[in-house]
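Below is one structure, written out as structure tokens; the observations come after it.
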Amino acid sequence: MRHFRFLSILVGWVFIGVAATANAADKPLSIHMISGSKEYKSEPSLKMFQVYLEKRFNVRVSASWGRDGVKELDNLDKLKSADLMLIFARRMKLGEEQMKIIRAHWEAGKPIIGLRTASHAFQKADNETFDRVVMGGNYKGHFGNEPVKVTADNTDAARKHPVLAGVGPFTSKKLYKAGELAKDVTVLQYGDIGPSKKEGRHPVTWVRVHKGGRMLY
């Protein structure tokens, strides 16, 4: 459950400022999850996380459960009224009407958390906007299954950032390659597969503000 506590910190940080605009202090914060990454088991992971959040925090969670390459998501209208979009999906092929709903969320400056394959969640043109313009990333593919050591960036901005409170180093696999990021991002963590691979150290977690909304990848 440790990774759920970490994700809860991410949700809390992204939500700061949203609660202040609510009509009532006890109004639940609304999260809409978009799942569609079979390889990384996004659906079972996010379903467990939904239960975890709703038991421990004053939140209301809705979700669209899809798959890689899905052309239409169920329940996506719920995103229109959501405070936060949490997306963990891969290469969906959504139609224009559904993409309008998703684009409206980021154009309104609403907060977003993008997990793993969110950097390439959509068709190419929308990936270019979402990854590069909204989230400030620059996805360039990935390495193999070498062990990846993930540590905080060696800066005060990273070490003291609330998102990393209580978070230490951990290991993963399949390090994503990142090109030059947007100039206004704050990198929090790097992944490193060691000196045996050329340029084997890349940012894996960062934050920025887009149109007034907090973004975390």
Over its alpha-carbon atoms, segment 76-120 yields an Rg and a Dmax in Å of 10.2, 25
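Only Lys, Arg, Asp and Glu count, each charged at its Cβ (+1, +1, -1, -1), so figure out the dipole size of segment 66-211 about its Cα centre, rounded to 20 debye.
Numbers: 26 positive and 18 negative charges, 68 e Å.
The dipole magnitude comes to about 320 debye.
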Could you work out the helix-only [θ] at 222 nm for the chain, with each DSSP H run of four or more residues adding -39,500 (n - 2.57) and the total divided by the number of residues, to the nearest 500 deg cm²/dmol?
-> -6500 deg cm²/dmol
Charge-dipole axis of the chain as Lys and Arg at +1 and Asp and Glu at -1 on Cβ define it, positive-most pick from 42, 127, 69 | 42
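What is the percent carbon and sulfur in the accessible area of the chain, measuring with a 1.4 Å probe over the protein chains and ignoring ligands? Mind dumping the intermediate values first?
Working: 5770 of 11100 Å².
C and S atoms contribute 52 percent here.
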Specify which residue in the list 84, 53, 145 is farthest towards the positive end of the charge dipole of the chain, using unit charges on the beta carbon of Lys, Arg (+1) and Asp, Glu (-1), about the Cα centre.
-> 145
Under a 1.4 Å probe, counting only protein heavy atoms, residue 143 has an accessible area in Å², nearest 10, of 30
Nearby lysines by direct alpha-carbon distance to residue 177 (threshold 16 angstrom, same-chain neighbours under 8 apart not counted) | 140, 149, 197, 198
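Ratio of the chain's C-alpha Rg to 2.2 N^0.38 Å, to two decimals? Please list the in-between numbers first.
Details: Rg = 16.6 Å, N = 217, 2.2 N^0.38 = 17.0 Å.
After normalising by residue count via 2.2 N^0.38 Å, the value is 0.98.
Taking the Cβ of residue 213 as the center, what net charge do the other residues with Cβ under 11 Å away carry, scoring Lys and Arg +1 and Asp and Glu -1? Write down the numbers at each step before the final one.
Working: positive: 110, 208, 211, 214; negative: 83, 107.
Once all neighbours under 11 Å are counted, the net charge is +2.
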Simple SL model, points at 7 angstrom along Cα→Cβ for residue 173 and residue 56; separation in nm is 2.7
Per-residue SASA entry for residue 161, accessible area with 1.4 Å probe, Å² rounded to 10 | 30
What list of ³J(HN,Hα) couplings, whole Hz, do you get for segment 167-176 from phi and the Karplus terms 6.51, -1.76, 1.60, once you set θ to phi - 60° and write x for glycine and proline?
-> 9, x, x, 8, 10, 8, 9, 6, 5, 7
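Please state, as a whole number in µm²/s, the translational diffusion coefficient that the Stokes-Einstein equation yields for segment 103-155 at 4 °C and 1.567 mPa s, with Rh defined as the Kirkwood radius across alpha carbon pairs.
Numbers: Rh = 13.0 Å.
The Stokes-Einstein estimate is 100 µm²/s.
Among 175, 29, what's the order by accessible area (1.4 angstrom probe), most exposed first?
On the way: 175 5, 29 30 Å².
Reading off the accessible areas and sorting them downward yields 29, 175.
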Using the Cα centre as the reference, give the magnitude of the dipole from point charges on the C-beta atoms of segment 23-93 (Lys, Arg: +1; Asp, Glu: -1; all else neutral), rounded to the nearest 20 debye.
-> 160
Mind grabbing the accessible area of residue 81 for me, 1.4 Å probe, Å², rounded to tens?
-> 80
Measuring from label point to label point, each 7 Å out along Cα→Cβ, what is the residue 155 to residue 103 span in nm?
-> 3.2
Expressed per residue, the solvent accessible area of the chain in Å² (1.4 Å probe) is about 51
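Using mean Cβ contacts within 10 Å as the protection proxy, how do 187-193, 153-159 order, highest first?
On the way: 187-193: 20.6, 153-159: 12.6.
For the peptides 187-193, 153-159, the packing ranking is 187-193, 153-159.
Could you rank 167, 209 by how accessible they are, 1.4 Å probe, largest area first? Could the numbers behind the result be given before it?
Values: 167 45, 209 80 Å².
I get 209, 167, largest accessible area first.
Could you tell me the calculated FRET efficiency between residue 41 and residue 80, based on Cβ-Cβ distance and R0 = 22 angstrom, to the nearest 0.05? All intermediate terms of the calculation are to be shown ahead of the outcome.
Values: r = 28 Å, r/R0 = 1.25.
Computed FRET efficiency for residue 41 and residue 80: 0.20.
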Over all directions, segment 159-212 yields a Cα convex hull whose mean projected area in nm² is 4.9
List the GluC sites (Glu not before Pro) within segment 94-203 that fall in a DSSP loop (any state other than H, G, I, E or B) and whose Cβ has at most 13 other Cβ atoms within 10 Å.
-> 180, 199
Other-chain or far-sequence residues with amide H under 5 Å of residue 170's (modelled H) | 150
Mind ranking 126, 184, 68, 77 by accessible surface for me, highest first, 1.4 Å probe?
-> 77, 184, 68, 126
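The values are calculated or read from the model by the stated rules, or taken from the named source; none is laboratory data. Model, not experiment: these values are computed from the prediction. Note that each Cβ is placed from the backbone with ideal geometry, even for glycine, and that neighbours are counted across all protein chains shown. When the accessible area is computed, the model is the full protein with side chains, heavy atoms only, and any ligands, DNA or RNA have been set aside. Shrake-Rupley method; radii C 1.70, N 1.55, O 1.52, S 1.80 Å.
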